[in-house]
Each structure stands twice: as structure tokens, then as C-alpha cells.
Amino acid sequence: MIGNENGFSAPPGSSGRGQSADDEEAVGQFSVPGEDDNTIESASVADVSDALSGVSMELLEIKRSIEDGMRQSIAQAGGARAADAFSDSGNIQGVSIGLGEGASDSSSGEPGLPALTLYVAEPTSVDRAKAAIVGAMGVRAVASDKVPVNIVVTGVIDAQPHRFRLRPAPGGVSVGHFRITAGTIGCLAVGRSAPRNSRLMILSNNHVLANSNGGVFNDCIVQPGPIDGGRCPQDQVAVLERFVPINFSGGVNFVDCATGWAWPDRVRPELVYLSGGVPAYFRISNALVAPALGMMVGKSGRTTQLTQGRITGLGATINVNYGGGRIALFQDQIAITGVSGAFSAGGDSGSSIWTWSQQRNPVGLLFAGGGNITFANQMRRVVVALDINLYT
């Protein structure tokens, strides 16, 4: 294993590159990438504290029944989208608990009170959506006028793929497995036990760093991502280190995440945004917090850079399109709406999402979106699934 003067290990088959003096970080304990661990681990399903504890059991039971119907539909279709996918219940792309917006064609919930939020591919009314769920999924309880429902048009929810080259590379910039387009570096991380606790790693999505299950340990990861001009080996910053496989067969997914073992002098813990066309840097904390409805959050990503949003849905279950006809079901996701324009766009996948506060505490890992709605994994699940701590 090749070492460096700071003690971090460097990726195999290449020498490290110099880091500017003003960016030297306390990275002495990290190793450079090696070939001593090729483990791929499954996502943890350990319970996290329930953010929906104040929601009525009736509403939660209806939500669970709809989730079951979505899961059965994917299993029956083998993870592929049918030609008539958007008819009847197929128009339902996801479900979460949100807040009512007042009586209208798209909402039957009281303002500020918990409501069932349905994410749909094509515009529909509350009544038509309820009828489709009753008819195709058999969830008769949803038909009651007492069940508050919001309709949010997302279109098809896509797994979002992500420009400039920067060394050392911060969070928020273009990155990717050498066979994909591009996504975003979320932040840095370290493993929780040896030998991974001596590795400085970049955190992003499986579909960004591991080519949606198609990567193998030690694959080249470049910054910027390939669509932005990144090439191996000249733009390599890391090697694929670990990813949680995505289930495309109707099983439940909780996270779309992966780590890349980085050369310590090619990355940095700060996140970046453009200020007057010039890169400006800031830090987030490593103190993870639970999402909450109405919480103001931010992210810095490859495409839309620094944006502000509000959490508008919790416990979201969504069907996510990964291209090539592959559909994956995700549960317990966070839904975010941009405060001024879209919160994210294609290429922002992998961005870390943090509280819009002085603390900037991590909340989620951005991975998908549709319409003006962004979806994120709970960061608390991500770190457990990958057995990492954030290094911020």
C-alpha cells in the first residue's frame, strides 16, 4: 500500500498529487486506496426514531396499504415499466405524509395538518386518485371524505445523474464512475472500523459511484464526471470502495449510496458554491439530525449549485426510474420542495442535504426527483448502511 506524508493511504496504481498549502487538512490518519477489502454490504434496516409519531394510525395504515400495492406492482412487472404504466393506480409514483394545503382540486387537507401526499406522473384530482387506489389496490379506507389527501405532480421520478475540475475536490462538484454521466460529491467520510477507518472516502449515490450496481471494487472514479470531461487516469480522485445494492425486483430499498476511497490530497472536506463566478467554500457539521416537516434545508450540487428548500413530505414511498426499464421501490424517503425555483436538477444526485442554519447539520442524501420535488435518503440510514462516519 502506498502511503503519504500525512498517513492516509492512496488508491492503487497511481501516485498522489500535491495539495495546496492553504487546503492542508488534518488528514494524517487516512490511508490511500488499496485492494484489501471488496465487501459489498446490504442496507441496514435498523429502526430510526419515528418522525411520524404524531400522525394518526388511520392515515399511517392507509399509507402502508398503498406502499404494499406499489411493491406488488413492481414485483409483478419484474421491475420494468409497462406501456400503460400511468393508467389508474400506475399514475401513483409515490406516497408520503405531508401537510394539508386547504380545500382545492389538488388538496382536501386542512392547512398545516397532516395529510396523505400522493406523487403522480400525470395531473389528476383527489377524487380520481382515490378511486384509482380503491379500484386497483383495494385500499377502501382512502375513499372516505375524512382522509385528507394532497396531489403533487412530479412526472416520472428519475434517479438524477450531474462541471468544473477542482483540486483538491470539495463536496458539491461533478463526479462519477467512469461508465456513467455525472453526479455530485456529497461530502467526505471514514469507515468505523479497521482497515476502513484509515480511508478517506467520498460519499455519493450507488448510481453515481457504482453505476447502479454495475461497478466493482477498485473501479475508477473521476472528477469531474465523464459527461463533464473527466477521464481515467488523469482525472481520477478515488476508487469504488463500497456500495449498497439497489433491489430492482420489488424488494424495499432505503438508500442509494456508495463510497469511493480517495487519495487524501485530491479531496477536501469543504463544500463549494459559486459566488460571482468564483468558488467559495463552507463546512457542514457531522452531527446528523432527523428530518421534520417544514424544516428548511440546503444543498450544493453539480447542476443547480447552492439551493434552499423545505421538507414537505416524510416517510415517502416512491417508484424510481433508473433507465433501461429498471424501476426500484424506495421507502422512508424525504421529500423537499425548492423555496425559489427547483431545489435540484439532473446531476445533483449525491449531494448532501443539511439544515439551513448556522449548524448545517446533515439530514439527507439527494438521489432522485421529479417535477419540483426532490427526494433524499435519510442520512442516518446512509451512515449505518455503509458503516461510516461523516468527515466534515
Notebook entry, point to check: Size of the dipole of the range 123-199 about the Cα centre, Lys and Arg at +1 and Asp and Glu at -1 on the beta carbon, nothing else charged, in debye to 20?
Noted result: 500
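What share of Cα pairs, in percent, lie more than 28 angstrom apart in the range 241-389?
Numbers: 1786 of 11026 pairs.
In whole percent, the share of Cα-Cα pairs in the range 241-389 beyond 28 Å is 16.
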Notebook entry, point to check: Accessible surface of D127 in the full protein assembly, 1.4 angstrom probe, to the nearest 10 Å²?
Noted result: 120
Note to self: Straight-line reach from K63: which lysines fall under 19 Å, measuring Cα to Cα and dropping same-chain residues less than 8 apart?
What the structure shows: K130, K146
Next item on the list: Find, to one decimal place in angstroms, the Kirkwood hydrodynamic radius of the range 162-305, where the mean of 1/r is taken over every pair of different Cα atoms and then inverted.
Entry: 15.5
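The values are calculated or read from the model by the stated rules, or taken from the named source; none is laboratory data. Remember, it's a predicted structure, so these values are computed and weren't measured experimentally. Reconstructed Cβ throughout: ideal geometry from the backbone, glycine too, with neighbour counts over all protein chains shown. Remember, those area values only see protein heavy atoms, side chains included, never the ligands or the DNA or RNA. Shrake-Rupley method; radii C 1.70, N 1.55, O 1.52, S 1.80 Å.
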